[in-house]
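Step one of this worksheet: look at the structure below.
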Amino acid sequence: MGLTKWAYTLSESLLSEPLPRRWEHSLGVAKRARSLSPILGEDAELLEAAAVLHDIGYSPAIAVTGFHPLDGARFLRDQEGADERVVRLVAHHSCALLEAEERGLRQELEGEFDLERPDLVDALLYCDMTTTPDGTQTTSAERLDEIVQRYGSETIVGRFIQRAAPEIHAASKRVADRMAEVSGNGQPM
Ligand SMILES: [Fe+2]
């Protein structure tokens, strides 16, 4: 089975029934990943697979610590023997290290999983942070507002996302700029 087909099948089996909205979000993030293929080249499939799998750690079937990037990456590594680049992207998606700090899990996360190439880390962050919980397209600013409202500004997630905001906006802009360059809109005169 190809990498992306395997990823969709696995993610659907873990999320679609217990967490249908999270599954819709995951499909939306994967769609965003496909839209980045002009700047991803041979890594397009890798990013789409990581995108559809990024939130599987929320699945009650595999949640252990309650910190979904770590639970998802451990499951992929230990139960699925997944491609290590997919595992790393899931482990560190969307500034997970900062949330790990809030949860006292930074050492576990960075001790077990290396960071993937920075442009791929940016690309996955962009896909996640420009996709609503329902899977539709949004901006990183609206996405962050929605997260703070949904969780509350004084919660672990609320605190984390406010600390991560500058990097989230910067990474999203880096990806958007690369896309503009490739499509010819942002080329220097
Ligand atoms: Fe996530």
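Structure values in brief
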read-out	value
Under 5 Å, built H, 5+ apart or other chain: amide partners of Thr131	Thr138
Cα gyration tensor shape of the range 120-177, rounded if a/c is under 1.5, else prolate or oblate by comparing a/b with b/c	oblate
Sparse-neighbour loop sites [GluC sites (Glu not before Pro); the range 77-113; at most 15 other C-beta within 10 Å; DSSP]	Glu80
Zero-based 10 Å bins, Cα pair distances in the range 18-98, whole percents	20, 50, 27, 3
Extension gain (nm, one decimal) between Glu101 and Thr132, 0.36 nm per residue minus Cα-Cα	8.7 nm
Accessible area in square angstrom per residue, the range 3-183, 1.4 angstrom probe	45 Å²
Dipole magnitude of the range 51-120 about its Cα centre (Cβ charges: Lys, Arg +1; Asp, Glu -1), debye to nearest 20	60 debye
Selected from His25, Leu109, Leu53, residue furthest toward positive end of dipole (the chain; charges at beta carbon)	His25
Percentage of interatomic Cα-Cα distances in the range 69-158 larger than 20 Å	41 percent
Cβ-based charge dipole, the chain, positive-most Cα from Ala171, Gly41, Phe75	Ala171
Gain in span if fully extended, Glu17 to Glu84, counting 0.36 nm per residue against the direct Cα distance	21.4 nm
Dimensionless Rg over Rh [the range 1-52; C-alpha; Kirkwood]	1.00
Percent carbon-and-sulfur accessible area, the chain, ignoring ligands, DNA and RNA, probe 1.4 Å	50 percent
Relative intensity, log₁₀ I(q)/I(0), of the range 3-183 from a Debye sum that treats every alpha carbon as a point, q = 0.20 Å⁻¹	-1.55
Selection from Ala100, Ala141, Gly158, by position along the positive dipole direction of the chain (Cβ)	Ala141
Cβ charges +1 (Lys, Arg) and -1 (Asp, Glu), total dipole of the range 3-183, debye	280 debye
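The values are calculated or read from the model by the stated rules, or taken from the named source; none is laboratory data. Quick caveat, the model's predicted, so the values are computed rather than measured. All Cβ positions, glycine included, derive from the backbone under ideal geometry; neighbour counts span all protein chains shown. Each accessible area value is taken on the protein alone, full model and side chains, heavy atoms only, with ligands, DNA and RNA left out. Shrake-Rupley method; radii C 1.70, N 1.55, O 1.52, S 1.80 Å.
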